[in-house]
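Have a look at the structure below, then the notes.
None of the figures in this text is laboratory data; all of them are computed from the coordinates on show. Treat the numbers as computed from the prediction; the structure is a model and nothing was measured. FYI the Cβ positions are ideal-geometry reconstructions off the backbone, even for glycines, and counts take in every protein chain you see.
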Amino acid sequence: MNKKFYITTPIYYVNASPHIGHTYTTVAADILARYHRMIGDKTFFLTGTDEHGARIEEVAKKAGKELQEFTDEIAASFQFAWDELNISNDRFIRTSEEGHKKVVQKALQKMYDNGDIYLGKHEGLYCKGCEQYKNEKDLVEGKCPDHKTVPEKMSEESYMFKLSKYKDELLKKIKKDEFKILPVEKKNEVISFYENEGLNDISFSRKNVKWGVKLPWDESHTAYVWSDAFLNYLTGIGWKGEIPPTPFSKGGNMEFWPADAHLMSKDILRVHATIWPAMLLSLGLDLPKTLFIHGYFMIDGQKMSKSVGNVITPNDLVKKYGVDGARYLVASAAVFGNDGDIGWGKFDEKYNADLANGIGNLLARSIALTEKLREAAVELQNKGENFQFSIFNFQTIFNDQILISKNWVDYNVLLDLIQIDKALEIIKLQVKFLDNYITATKPWELIKNKDEKSGGVMYNILERIRHIALMVYPFMPDTAEKIWESLGLNVQEEMSKKFDEAIKWGGLPVDTKVKKGEALFPRLEK
Ligand code: MSP
């Protein structure tokens, strides 16, 4: 604990507005960033937009807009979506920023000077959708399987990057997990790619693409859009000091490098496992610690696309389920690392089961019971009787330290392993545990019968809910705050507690004044 933690999402292309696929990666990164801040790590979370290249040029032209105007609009739609979803990124990097472009030039110049970039000629089939040259054997009926378009034959003078030079070193680092690729099946896929196909030098510049970064030593060439894009992971933390850097450092320093986790899906794994680390080796920098490859979403069995008309946007989700409902449903939609089939029907069901009937109902029920207990206590007091069973009676508190510690260990281990959905299961289990505990102890009867145990039982319930709120915080920050408020706690105080203290049993003051709030998750109407 108390380390540094640097996490990134891919920078998204600005050819279209954000959809649930981008939302998945970004919410997951946010959960991890918030978790690491919560445990006291010095955390930096970077996301942004990838704005250069042939594809964007084309789409902007089609929309009849100036390039900068077009990219400004779409970049803003990403920023808006992330604000709406309560995403806590420390910086939003755009590759069209002057500072970023300057750093790209410095980096490529360095690679050119050390002999890793040379003038050559490149021939091949180029897919604009992927912004990559494709091998014949990657095509399906002559088309790019991802974009369903026929790639263009291209032959042009191009600066080439000596990717081949780094093959052995990279393969060794991948095998030894010095550059870790997770889940392990994805690591194996990468290893077999290295072993069967090897690495060829690749074209690193384009002559007929103008929208991008000029090569500093030959301005008739524009940097390959992926080389420009990858460097965001460095410019975004202030590398080379051209960009106002992190909130913690004065400029240009590398306290956050190497990245602890680059999150992405399988579509961009190969480039991240080859070109990017090779660039870093060429620049003499450490490799990221982990690439985590999460699954790809299909919508009710179909690929999401405008033409099918099944695109789900983050705003659609927020409108229907609220901010935290949207975050929860996205985060729990699939095993993190496996592909997922999602859809509105499943979301509705899960919202009602886990949120409205789950955690929302648990809180409402527990607060109502506590109020009943208080009323009973007041009634007895008015009669001049002693209220042994009140929540203030610390004597009867059952100490749940051992059980809760085990839950925390599981939760922490799972989030360390980036098993987001499984960490959510720990929360669900606890909600269930409390539901069962309430059914078994029947606090309403204890209260009615003026049983001494009622105070202790209620304390157990409320204190465990306090722990649930803390576990919920990275996933649904507003919900955690609402729960703390209902428990009569001060949000600022809860958030500034040291983590090790906060996870101990007994943090809820025995004289706390609970408050009934709005329903956390109103049930969806049919
Ligand atoms: N601009 C490049 C990345 C450069 S990073 C140096 C790019 N952009 S993208 O807009 O196409 O984003 C791809 C990423 O968006 C995926 O890797 C994944 O993180 C997310 N997703 C997009 N669609 C998705 C699904 N249908 N399902 C899950 N995630 C998806 O590639």
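For residue 42, the aspartates and glutamates whose Cα comes closer than 18 Å to its Cα, not counting residues fewer than 8 places off in the same chain, are 30, 90, 255, 260, 416, 500. Can you tally the net charge around residue 90? Count Lys and Arg as +1, Asp and Glu as -1, for every other residue whose Cβ sits under 12 Å from the Cβ of residue 90. Here the charged neighbours net out to +3. Checking Cβ-Cβ separations below 4.7 Å across the chain identifies no cysteine lacking a candidate disulfide partner. Between the helical axis of 361-382 and the longest alpha-carbon principal axis of the chain there is an angle of about 30 degrees. For residue 204, the residues 5 or more places off, or on other chains, whose built amide H falls under 5 Å of its own are 159, 160, 161.
For residue 290, nonlocal amide neighbours, meaning residues 5 or more places apart or on other chains whose placed amide H falls under 5 Å from its own, are 180, 261, 262.
Suppose every Lys and Arg Cβ carries +1 and every Asp and Glu Cβ carries -1, with no other charges. What dipole size does the stretch 4-294 come out with about its Cα centre, to the nearest 20 debye? Each step should come with its number before you reach the end.
Details: 40 positive and 43 negative charges, 95 e Å.
In total the dipole reaches around 460 debye.
For residue 372, go through the aspartates and glutamates and keep the ones whose alpha-carbon is under 15 Å away, minus same-chain ones fewer than eight residues off. Within the straight-line limit of under 15 Å, residue 372 reaches these aspartates and glutamates: 445, 451, 452. Put +1 on the Cβ of each Lys and Arg and -1 on the Cβ of each Asp and Glu in the stretch 364-513; which of 380, 419, 405 then has its Cα farthest toward the positive end of the dipole? My answer, from the dipole projection, is 380. For the cross-link pairs 121/210; 350/432; 450/516; 106/266, the ones whose C-alpha atoms lie over 21 Å apart are 450/516; 106/266. For the stretch 344-502, the spread of Cα positions along the three principal axes, ordered from largest to smallest, is 55, 38, 27 Å.
The HN-Hα couplings worked out from phi for the stretch 420-429 by the Karplus form 6.51 cos²θ - 1.76 cosθ + 1.60 (θ = phi - 60°) are 4, 5, 6, 5, 5, 4, 4, 5, 4, 4 Hz, whole numbers, x standing for Gly and Pro.
Derived scalar couplings between HN and Hα for the stretch 302-312 equal 10, 5, 6, 7, 4, 5, 6, x, 10, 5, 9 Hz in order, rounded to whole Hz, by the Karplus curve 6.51 cos²θ - 1.76 cosθ + 1.60 (θ = phi - 60°), x for Gly and Pro. Against the longest alpha carbon principal axis of the chain, how many degrees, from 0 to 90 and to the nearest 10, is the axis of helix 453-472 turned? Here the helix axis deviates by roughly 10 degrees.
Quick check for me: using +1 on Lys/Arg Cβ and -1 on Asp/Glu Cβ, what's the dipole size of the stretch 344-502 about its Cα centre, in debye to the nearest 20? Can you show the working numbers first?
On the way: 19 positive and 24 negative charges, 73 e Å.
With only Lys, Arg, Asp and Glu charged at Cβ, the dipole is about 360 debye.
For residue 512, no residue has an amide H sitting under 5 Å from its own, ignoring neighbours fewer than 5 places away on the same chain, with H placed 1.01 Å from N. Per residue, the convex hull around the alpha carbon atoms of the chain comes to 155 Å³. Per residue, the convex hull around the alpha carbon atoms of the stretch 469-526 comes to 97 Å³. What the phi angles of the stretch 154-168 give under the Karplus curve with 6.51, -1.76 and 1.60, with θ = phi - 60°, is a coupling list of 9, 8, 8, 5, 8, 7, 10, 9, 6, 5, 4, 4, 9, 4, 5 Hz, glycine and proline written as x. Working note: 222 nm ellipticity from helices only, DSSP H runs with n ≥ 4, each -39,500 (n - 2.57), summed and divided by the residues of the chain, gives -14000 deg cm²/dmol to the nearest 500.
Across the chain, C-alpha contacts under 8 Å between residues 6 or more apart give a mean separation that, scaled by the residue count, equals a relative contact order of 15 percent. Put simply, the Cα atoms of the stretch 4-294 extend 52, 49, 39 Å along their principal axes, the longest span coming first. Ignoring aspartates and glutamates fewer than eight residues from residue 110 along the same chain, the ones with Cα atoms less than 17 angstrom from its Cα are 218, 219, 228, 242, 286.
Only Lys, Arg, Asp and Glu count, each charged at its Cβ (+1, +1, -1, -1), so figure out the dipole size of the chain about its Cα centre, rounded to 20 debye. Mind dumping the intermediate values first?
Values: 71 positive and 75 negative charges, 85 e Å.
Roughly 400 debye, rounded to the nearest 20.
Placing unit charges on the Cβ atoms of the charged side chains and taking the dipole of the chain about its Cα centre, the candidate lying farthest along the positive direction among 27, 145, 522 is 522.
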